[in-house]
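J.: Can you keep this structure in mind? I'll have questions shortly.
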Amino acid sequence: MKTLSKSLALVALAALAAAGCILTSGQFVATYDLPDATFSTGGTFQGELVDLTTIGEYNDHKDDIARVEDLSLVGDIRNNGNASAQAEVWIVPGATSAPTGVVPGAVKLWGPITVPANSTVNVDWNESASLFVGRQTLIDEIKGDGVFGLYLAAPSVTYDISTSNAALIIVFSAKK
Amino acid sequence: MKRILVLALAGTLLCASLAYAGNIGLGAFGGMSVPVLQADQSQGGVYGLRAPVSLTPLFTVEPFYSASTLGDKTENIGGVDYTREGSDVTTFGANLLLSTTGPMRFYPYVGIGSVKFKRSGQDESMTSYNFGLGLGFTPAPKFSLDIRAELQAAAKDQVSRKMGNLTVGASYALFSFN
């Protein structure tokens, strides 16, 4: 019976060891505020250089990130036009400055979301998480140097859209 | 993982060969589930079913099913609150209990299984490992009550989501066998 007990104890330890360093990992939330923006047909192009290294939570765990669990772009999107319009966000991997126009090689990151005429849509954390279409590109940037470009786009023929209170929310797993 | 399961089953079957009147029971449990080091979830409830198979006075194998509803998490960003719903977590697995005997039992246990996390934008399965301590009472023949505290780790890609689960449960021995 003693041998059996020892064997079962070893099995239990093996089960725990098989999970690697699972006990020393955790999930962390990093948020990046985005500036208010307005873009319209023939108007100003809205690009932003995102530098995640300016966020403490990201810097604290940058070298230990194992997985990106959750991605969201939240905020208010207002359609100032008289017809419904769609809004999208595109990512420019490896950018070193804010995009000033449509960039070849950019990847659609998020959206589209439809905003009715003369209305404001509040994009919450839950809805936004399901609108990501370029997850892997952003994951690569997050696990890379954390610097990339974003720009707003609208697939509608005419548009007049403003955004406010916008932020990028990233949930990642890091291990020690 | 399969090798570990086979070893665990072989060990318990070996025990079953000993002269002992074992029994098969059915039980239910419920309690609270507290995320550990998960900044995107908060405390929620957990409930489930167990089918304890007592093979020797010392060892019990216990297939189980549990469901947790983790709580929402709110982040304030630029003065605006944004809330992420908690995940619905379902686990199928089996525990191995190393129990003392008598009307009051104290037992450590380990378990392994498959766990699924589901919410908007998340639908993924992981391997579940759990270990904990239980305290059991037998207030009437065939009937037992227990209190358990365990750590559950849902592992994938060398990282895990961890929950501390505190539950109370009741089970009834339905069948006996030799």
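J.: Only residues that are within 14 Å of chain A (Cβ to nearest Cβ), outside any strand (DSSP E or B) and surrounded by fewer than 18 Cβ atoms within 10 Å (Cβ to Cβ): list them for segment B:121-161, please.
T.: Once the filter is applied, which keeps residues that are within 14 Å of chain A (Cβ to nearest Cβ), outside any strand (DSSP E or B) and surrounded by fewer than 18 Cβ atoms within 10 Å (Cβ to Cβ), segment B:121-161 yields B:ASP157, B:GLN158.
J.: Let me ask something else about it. Is there a residue in segment B:29-36 that is within 9 Å of chain A (Cβ to nearest Cβ), β-branched (Val, Ile, Thr), touching a residue at least 40 places away in the same chain (Cβ under 8 Å) and part of a strand (DSSP E or B)?
T.: Yes, the conditions are met somewhere in segment B:29-36.
J.: Filter segment B:89-102 down to the residues that are within 13 Å of another protein chain (Cβ to nearest Cβ) and in a strand (DSSP E or B) and list them by number.
T.: B:GLY93, B:ALA94, B:ASN95, B:LEU96, B:LEU97, B:LEU98 - these are the residues of segment B:89-102 that are within 13 Å of another protein chain (Cβ to nearest Cβ) and in a strand (DSSP E or B).
J.: Pick from B:PHE117, B:PHE175: which is aromatic (Phe, Trp, Tyr), farther than 30 Å from A:SER173 by Cβ and in a strand (DSSP E or B)?
T.: B:PHE175
J.: Could I ask something else about it? Can you name every residue in segment B:103-114 that is over 30 Å from A:SER72 (Cβ atoms) and either assigned to a strand (DSSP E or B) or under 18 Å from the mean Cα position of the chain (by Cα) (or both)?
T.: Result: B:MET104, B:ARG105, B:PHE106, B:TYR107, B:PRO108, B:TYR109, B:VAL110, B:GLY111, B:ILE112.
J.: Do you know which residues across segment B:132-171 are among the aromatic types (Phe, Trp, Tyr) and touching a Phe, Trp or Tyr at 6+ places or on another chain (Cβ under 7 Å)? If you could, list the steps in order and put the result at the bottom.
T.: As a first pass, look at segment B:132-171 and keep what is among the aromatic types (Phe, Trp, Tyr): B:137, B:143.
Listed by number, the list holds a single entry, B:PHE143.
J.: Can you find a residue that is away from every other protein chain (no Cβ under 13 Å), more than 17 Å from B:GLY132 (Cα to Cα), in contact with a helix residue (DSSP H, G or I) (Cβ under 9 Å, 6 or more places away or on another chain) and modelled with pLDDT under 90 anywhere in segment B:4-16?
T.: No, segment B:4-16 has no match at all.
J.: Exactly one condition in (1) more than 27 Å from B:LYS73 (Cβ to Cβ); (2) under 19 Å from the mean Cα position of the chain (by Cα) is false for A:ILE142; which is it?
T.: (1)
J.: For segment A:149-161, enumerate the residues that are crowded, with 17+ Cβ neighbours inside 10 Å and either of a type outside the set (S, T, N, Q) or touching a Lys or Arg at 6+ places or on another chain (Cβ under 6 Å) (or both).
T.: A:GLY149, A:LEU150, A:TYR151, A:LEU152, A:ALA153, A:ALA154, A:TYR159, A:ASP160, A:ILE161 - these are the residues of segment A:149-161 that are crowded, with 17+ Cβ neighbours inside 10 Å and either of a type outside the set (S, T, N, Q) or touching a Lys or Arg at 6+ places or on another chain (Cβ under 6 Å) (or both).
The values are calculated or read from the model by the stated rules, or taken from the named source; none is laboratory data. All values reported here derive from a predicted model rather than from experimental measurement. Cβ sites come from the backbone with ideal geometry, for glycine too, and all protein chains shown count toward neighbours.
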